[in-house]
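Here is the structure we will look at, set down as structure tokens.
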Amino acid sequence: MSAPSPTAVPSFRSRIGCDARSGYYAAPRRYRLHLALSSPRCLRIAVTHSLLGLDDTLPVTLLPVVPDAPDGGHEALRPLYEASSHQHPGPAAAPVLSDTWTGTIVSTHAPDILRDLARRFRGDGPDLFPRGAEEAVEGIGRLCEQDITASAQCAGEPDVDSAVRDTALATLLDALDGLERRLACQEYVLGGEPTLADVELWVTLVQLDTVHRHHLDAAAVHSITGHPHLWAYAKRLAAHPAFGSHLDLDGIARRHHAHCRGMEAAGAAVQIVDWAACVRG
């Protein structure tokens, strides 16, 4: 399985406020995003940035798909980390939202960055974090993190008891079943319009297919494929430029191989989605 994330260091968690009294406020071109698209956290931010049409308002610097510092961080981010926290412990990890006025970091916390993009930099883009839907959006985020990603990792872990793996796979399939029922009767996961929940789910599905299935057996992967509405939804979003244009399949594979500690299983041969074809289409 994948190695523990190199981002397990103290994070910067300032927020973007409504106006100048907030300190950090949404001024055009004041901030910059630093992203490595092979990282699921960064991919979510890149997709959200594109959905909101923020290219001219909030520039993006792309980082190497595999961190290039010996400690698992990015060499290009080290000056920002040092300027923000003298002798900062741990790697200079992405994502980073930096303040170009001060040359320091505003936030490295992806969920906060996503919500601030949606609420403070929305412009003419869709309302990705609508008022009143906060709990529903965050519920999908927990479902993706715990019932899909963590369960897929556990189900593919060869060193745990088989009963534990079976329970994890059952949890994963139950989560996919619930999403299948939702998407059988609505266009997006929370209804008729896209939200941050769709960004969260789509990136989770990309990771499930391009990373986690490599450690699952073929029977498990075939069970995962048995959700036609869910995977049709994933393909449809991949064909949208705001999603598919950021999908670096080679980068995801290189990042996975750089950090993976587990054995490849039979499920590696059972591709769920031809992502490259979706993007080309």
**Complete:** Note to self: with every protein chain in place and a 1.4 Å probe, the stretch 35-127 gives an accessible area per residue in Å² of 38
**Message:** Using amide H atoms built in the peptide plane, which far-off residues or other-chain residues are under 5 Å from Val106 H to H?
**Reply:** Leu97, Ser98, Asp99
**Request:** With θ set to phi - 60°, apply the Karplus curve 6.51 cos²θ - 1.76 cosθ + 1.60 along the stretch 104-119 and write out the HN-Hα couplings as whole Hz, x wherever there is a Gly or Pro.
**Result:** 10, 8, 8, 8, 10, 9, 4, x, 5, 4, 4, 5, 5, 4, 5, 8
**Asked** Nearest 20 debye, what's the magnitude of the dipole of the chain about its Cα centre given +1 on Lys and Arg Cβ and -1 on Asp and Glu Cβ?
**Response** 720
**Loop-located trypsin sites (Lys or Arg not before Pro) in the stretch 244-276, at most 14 other Cβ atoms within 10 Å (DSSP)** = Arg261
**Request:** Take the stretch 64-160, drop everything but the C-alpha atoms, weight them equally and run the Debye formula without solvent; then report log10 I(q)/I(0) at 0.16, 0.24 Å⁻¹ to two decimals.
**Result:** -0.94, -1.12
**Complete:** With a ≥ b ≥ c from the Cα gyration tensor eigenvalues, square-rooted, and the rule rounded for a/c under 1.5, otherwise prolate when a/b > b/c and oblate otherwise, the stretch 145-256 is oblate
**Fill in**
Per GNM of the chain with C-alpha springs under 10 angstrom, the most fluctuating residue out of Val106, Val164, Val203 is Val164
**Prompt:** What does the charge count near Gly191 come to, summing +1 for each Lys or Arg and -1 for each Asp or Glu among other residues with Cβ under 11 Å from its Cβ?
**Reply:** -2
**Asked** In Å, the Kirkwood hydrodynamic radius of the stretch 22-73 over pairs of distinct alpha carbons?
**Response** 12.2
**Asked** For the stretch 202-215, in order, what is each residue's ³J(HN,Hα) by Karplus, 6.51 cos²θ - 1.76 cosθ + 1.60 with θ = phi - 60°, in whole Hz (x at glycine and Pro)?
**Response** 4, 5, 4, 5, 4, 5, 4, 7, 8, 10, 6, 5, 5, 10
**Prompt:** From the Cα gyration tensor of the chain, with a ≥ b ≥ c the square roots of its eigenvalues, which class applies: rounded if a/c is under 1.5, or else prolate if a/b is larger than b/c, or else oblate?
**Reply:** oblate
**Request:** Report the Stokes-Einstein translational diffusion coefficient (µm² s⁻¹, integer) for the stretch 178-217, Rh taken as the Kirkwood radius over Cα pairs, at 10 °C with viscosity 1.306 mPa s.
**Result:** 143
**Request:** Please list 206-217, 16-27 highest first by mean number of surrounding beta-carbon atoms within 10 Å per residue.
**Result:** 206-217, 16-27
**Asked** Across the stretch 126-138, in residue order, what do the Karplus-derived ³J(HN,Hα) couplings come to in whole Hz, using 6.51 cos²θ - 1.76 cosθ + 1.60 with θ = phi - 60° and x for Gly and Pro?
**Response** x, 7, 7, 9, x, 4, x, 9, 4, 5, 5, 4, 5
**Request:** Classify the stretch 1-101 as rounded, prolate or oblate from the Cα gyration tensor: take a ≥ b ≥ c as the square roots of its eigenvalues, call it rounded if a/c is under 1.5, otherwise prolate when a/b beats b/c and oblate if not.
**Result:** oblate
**Item:** the stretch 137-194: trypsin sites (Lys or Arg not before Pro) in DSSP loop, at most 10 other beta carbons within 10 Å
**Value:** none
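The values are calculated or read from the model by the stated rules, or taken from the named source; none is laboratory data. Not measured: the values here are computed from a predicted model. Glycine gets a Cβ as well: all are built from the backbone with ideal geometry, and neighbour counts include every protein chain shown. Heavy atoms of the whole protein, side chains included, go into the accessibility calculation; ligands, DNA and RNA do not. Shrake-Rupley method; radii C 1.70, N 1.55, O 1.52, S 1.80 Å.
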